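Below is one structure, written out as structure tokens; the observations come after it.
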Amino acid sequence: MDFSLFAHMERLTTDQPEEELYDDFVGLCKMADDAGMRAIWTGEHHGMEFTIAPNPFLPLVDLAHHTKNVRLGTGTIIAPFWHPLKLAGEAAAADQITKGRIELGIARGAYSYEYERLMPGMDAWEAGQRMRETVPLLPQIWEGDCAHEGEFFSFPASTSAPRPRQEDGPPIWIAARDPNSHEFGVHNGFNIQVTPLWQGMEEIETLMERFNAACDSYSGARPKIMLLHHTYVGKDEADVETALGDLQRYYNYFGAWFMNKRPVSQALIKPLSDDEIAANAMYSQENLARDLTVGTAQQVIDRLKRYEDMGYDEFAFWVDSGMTIDRKRDSLARFVDEVMPAFQ
């Protein structure tokens, strides 16, 4: 099983300057590269200090100058916010600049907060349909002279300029959850990325079952599947308990952004009180300990071995957590020094 790092600039308050946040982000990515991780993933979000990532190609191109070997992936592009010609061209340009290190993770998006600002009136169903029309066009546009007449996009014969550096273009990963999404990705020859959020090991098993079912109904080569999961490696049980408190706060803010019912000002959501956080049983520390890859080094190894036995090809260490950079760095260092060697 390969390992990768999933990271963004993020903050819940404006206490830390954004220039420091970016330096912290680069530092974590350099750690991943030095450790021999396969890839770094960073995504796309708009108007949210919670996840500061308006265009993942920008930091990925910069990271090419700070790292040596690690692959550089979008985790994930929000497909309905892009015209296919624009996405194909920018991905190809990034692939040229990074000397062929780009991978393209693509999703329909999750936040109605973003939909109502960038695509007013669009719902999750339409977002998914737009993604399904866009993504299969990308290899055709890279190959050249692709003309298209579809539900959402129509254009005469067009060719990406520049072409990607990689012969067949950047590898494409589809964020999938329901069986139809798995089938769409696999049947188009794309890799799959899954993000379990609750229901513990049961959901991780279910997502693999859906992937396997899609592969069984596909005659082509079996693509890869990546598990993206919030991860924390604690130095001891007390440290793990502290991390669960941090993640409880993080997930409550995630839920508030997702529900899109709380006031937002200056790209910051109205702060949650301790009582509000404690009252949300869905994100209790007990549930998060069950649902996430959190524990001491040996506990994390044991969980990862189960993922590997299920057939996951890659595990992405999701470091976003609202924690201080020191705690993020220490957790990642323990993952590198104490967990990864168990899989070599």
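Taking region 179-200 as the region of interest, how many residues are surrounded by fewer than 21 Cβ atoms within 10 Å (Cβ to Cβ) and either at pLDDT below 95 or hydroxyl-bearing (Ser, Thr, Tyr) (or both)?
Within region 179-200, residues that are surrounded by fewer than 21 Cβ atoms within 10 Å (Cβ to Cβ) and either at pLDDT below 95 or hydroxyl-bearing (Ser, Thr, Tyr) (or both) number 4.
When you go through (1) more than 17 Å from the chain's Cα centre (by Cα); (2) among the hydrophobic types (A, V, I, L, M, F, W, C); (3) within 20 Å of TYR250 (Cα to Cα) one by one for ALA35, which number turns out not to apply?
Looking at each condition in turn, ALA35 falls short on (3).
Out of region 117-132, which residues are without any contact (Cβ under 8 Å) to a residue 40 or more places away in the chain and assigned to a helix (DSSP H, G or I)?
ALA124, TRP125, GLN129
How do the pairs read when you match residues in region 263-289 that are more than 13 Å from TYR250 (Cβ to Cβ) with residues anywhere that are among the hydrophobic types (A, V, I, L, M, F, W, C) and loosely packed, with under 10 Cβ neighbours inside 10 Å, using Cβ under 9 Å and keeping only pairs 6 or more apart or on different chains?
From region 263-289, the pairs are ASN287/ALA281.
Just for helices (runs of 4 or more DSSP H) wholly inside region 1-113: which have at least 1 residues that are touching a Ser or Thr at 6+ places or on another chain (Cβ under 6 Å), of a type in the set (Asp, Glu) and touching a residue at least 24 places away in the same chain (Cβ under 8 Å)?
Correct list: 18-34.
Does ILE78 satisfy being out of contact with any helix residue (DSSP H, G or I) (no Cβ under 6 Å at 6 or more places or on another chain), modelled with pLDDT of 95 or more, buried (at least 20 other Cβ atoms within 10 Å of the Cβ) and of a type in the set (A, V, I, L, M, F, W, C)?
Yes; evaluated as a whole, the condition is true for this residue.
All but one of (1) out of contact with any helix residue (DSSP H, G or I) (no Cβ under 8 Å at 6 or more places or on another chain); (2) among the hydrophobic types (A, V, I, L, M, F, W, C); (3) surrounded by fewer than 24 Cβ atoms within 10 Å (Cβ to Cβ) hold for TRP41, so report the exception by its number.
The one condition TRP41 does not meet is (3).
The values are calculated or read from the model by the stated rules, or taken from the named source; none is laboratory data. All of these numbers come straight from a predicted model, not from anything done at the bench. Every residue, glycine among them, receives a Cβ derived from its backbone with ideal geometry; neighbour counts consider all protein chains shown.
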